[in-house]
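*Asks:* This is the structure I have questions about; it appears just below.
The values are calculated or read from the model by the stated rules, or taken from the named source; none is laboratory data. On a predicted model such as this, the values are computed, not experimentally measured, just so you know. We place every Cβ from the backbone using ideal geometry, glycine too, and count neighbours over all the protein chains shown.
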């Protein structure tokens with residue numbers, strides 16, 4: 001069922017399109033989501049689940065929005081597909097930065113530590129592994145019980161689709177998983193990162209330079225965890241990461257990403273708070289540099305894509321930092 005809005009413009013970004021953002025890579029990823037979450041997409045309770053999630057998100061009750069596996073499945077089926085395509089396009093545009101994390105062999109493993117989100121991040125990592133020579137090892141960290149959703153999605157990403165017994169020999173020969181399972185390793189850790197010590201973050205990050213992502217997560221952390229705990233997390237993260245590691249932050253643009261600070265609840269843009277913590281405040285034994293930044297970008301879905309329900313374009317801000325240590 002083709003249910004996307006008709007659009008005149010293709011997917012664009014600040015740096016132009018990477019070949020991997022074309023429809024021939026995007027549609028298979030949507031097919032993975034459609035197959036993985038077919039049960040919840042076709043469920044009579046799906047609309048009511050979405051209403052409950054929307055209400056909780058509007059009220060900024062993030063713990064309630066992601067409180068159980070059924071809601072997480074519904075969220076992954078409804079909102080993760082577009083985000084996965086968007087995140088994949090961003091990762092593929094950052095290939096020069098990401099390849100710098102690897103050794104001399106481009107087929108080395110790119111390590112990702114994804115804080116929050118989970119489903120879209122996993123799918124985007126799989127797209128990166130599918131398109132580039134790199135193997136990808138992804139660690140997903142979230143306070144919500146995402147393990148069931150991750151297992152479902154990883155299976156669909158790494159196992160060839162079931163074909164009809166009437167499938168032609170050509171279809172059987174061409175049938176393959178979205179990504180070879182040997183190229184994608186996945187680990188899920190259920191933690192509230194705001195409660196993790198620097199030592200725990202060091203263990204999660206590992207010894208090699210890596211990419212850490214906060215994708216539509218940081219504003220939630222400021223809102224739910226508060227300024228003090230979120231600032232402490234960012235500082236601990238800086239101390240925990242190996243030198244030359246990257247931090248990718250994406251979130252809603254403008255006033256959608258503001259945090260209330262102090263007794264007078266004065267509101268500050270998320271980006272200002274982030275820059276103040278990383279760039280304007282002295283840190284022990286490390287310094288951050290900003291590599292890329294854009295306050296507002298659009299990810300537009302090509303009109304030819306299909307999915308069981310309507311998906312929308314998305315607007316976001318994006319900031320990339322690198323940490324340097326002596």
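*Asks:* Among the helices (runs of 4 or more DSSP H) lying completely within the range 44-130, list those that include at least 2 residues that are more than 17 Å from the chain's Cα centre (by Cα) and surrounded by fewer than 22 Cβ atoms within 10 Å (Cβ to Cβ).
*Replies:* Numbers: elements: 46-58, 62-65, 69-78, 80-93, 95-99.
Counting at least 2 such residues, we get 46-58, 62-65, 69-78, 95-99.
*Asks:* Condition check: touching a strand residue (DSSP E or B) at 6+ places or on another chain (Cβ under 8 Å), at pLDDT 95 or above, within 20 Å of residue 208 (Cβ to Cβ) and part of a helix (DSSP H, G or I). Does residue 140 satisfy that?
*Replies:* No, not satisfied.
*Asks:* Right, something else. Return the residue satisfying two criteria in turn: it lies in the range 211-230 and is touching a residue at least 60 places away in the same chain (Cβ under 8 Å) and touching a strand residue (DSSP E or B) at 6+ places or on another chain (Cβ under 7 Å), and of such residues it is nearest to residue 98 (Cα to Cα).
*Replies:* Here the residue is 211.
*Asks:* Check the range 183-192 and report whether any residue there is more than 30 Å from residue 225 (Cα to Cα) and assigned to a helix (DSSP H, G or I).
*Replies:* yes
*Asks:* Sticking with this one: Scan the range 166-182 residue by residue and report those that are outside any loop (DSSP other than H, G, I, E, B) and over 30 Å from residue 113 (Cα atoms). First the steps, then the outcome.
*Replies:* Taking the range 166-182 as the starting set, the residues that turn out to be outside any loop (DSSP other than H, G, I, E, B) are 169-174, 181-182.
Scanning the range 166-182 gives 169, 170, 171, 172, 173, 174.
*Asks:* Under the condition of being touching a strand residue (DSSP E or B) at 6+ places or on another chain (Cβ under 7 Å) and outside any helix (DSSP H, G or I), which residue from the range 144-165 is surrounded by the fewest Cβ atoms within 10 Å (Cβ to Cβ)?
*Replies:* 145
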